[in-house]
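The values are calculated or read from the model by the stated rules, or taken from the named source; none is laboratory data. Please read these numbers as outputs of a predicted model, since none were measured by experiment. Here the Cβ is made from the backbone with ideal geometry for all residues, glycine too, and neighbour counts use every protein chain on show. Keep in mind that these areas ignore ligands, DNA and RNA; they rest on the heavy atoms of the full protein, side chains included. Shrake-Rupley method; radii C 1.70, N 1.55, O 1.52, S 1.80 Å.
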Amino acid sequence: MIDTVVFDLGGVLIDWHPRHLLRHLAEGPAATEELIVALDIAGAQRELDRGVPIEQVRSRWRERYADRADIVERYFDEWDDTIAGAFDDTVAILEELRSRPLRLYALSN
């Protein structure tokens, strides 16, 4: 019998992706994807997920990508804009499960 359900936040309950923010800083979809790779956004996220303090990551990224420091600053300043909202279908499932005798958990990096 299932007594516990675990949901992931980013990509399951919440529509999170750096491109939601970076598309406003680049000229078109291809340029957005190039920016994600050029700034190694995945690397920054891995550091943050490992618990490296945000100011330390931000400082390193500012130095590493000095030619794009303005974009790096905006990425960290406007990080909330990486969230486009919730996935309504998944949230509806979560809401339905709340009425059952289950332990519900959410995880994130």
Would you work out what percent of the accessible area of the chain, with all protein chains in place, is carbon or sulfur (probe 1.4 Å)? 53 percent
What accessible area per residue, rounded to a whole number of Å², is obtained for the stretch 1-94 using a probe radius of 1.4 Å? 61 Å²
Which of the three applies to the stretch 41-104, rounded, prolate or oblate, going by the alpha-carbon gyration tensor with a ≥ b ≥ c and a/c under 1.5 meaning rounded? prolate
Once label points are set 7 Å from the Cα along Cα→Cβ at both ALA42 and ALA84, what is their separation, rounded to one decimal in nm? 1.9 nm
Apply the a/c threshold of 1.5 to the C-alpha gyration tensor of the stretch 10-72 and tell me whether it is rounded, prolate or oblate. oblate
With a 1.4 Å probe and every protein chain left in place, tell me how much accessible area GLU95 has, in Å² to the nearest 10. 100 Å²
Helix axis angle, 54-64 relative to the chain longest principal axis, alpha carbon, degrees: 30 degrees
Rounding to the nearest 10 and keeping the result within 0 to 90°, find how far the Cα-based axis of helix 88-98 lies from the longest principal axis of the chain. 40 degrees
In nm², the average projected area of the convex hull spanned by the Cα atoms of the chain is 8.3 nm²
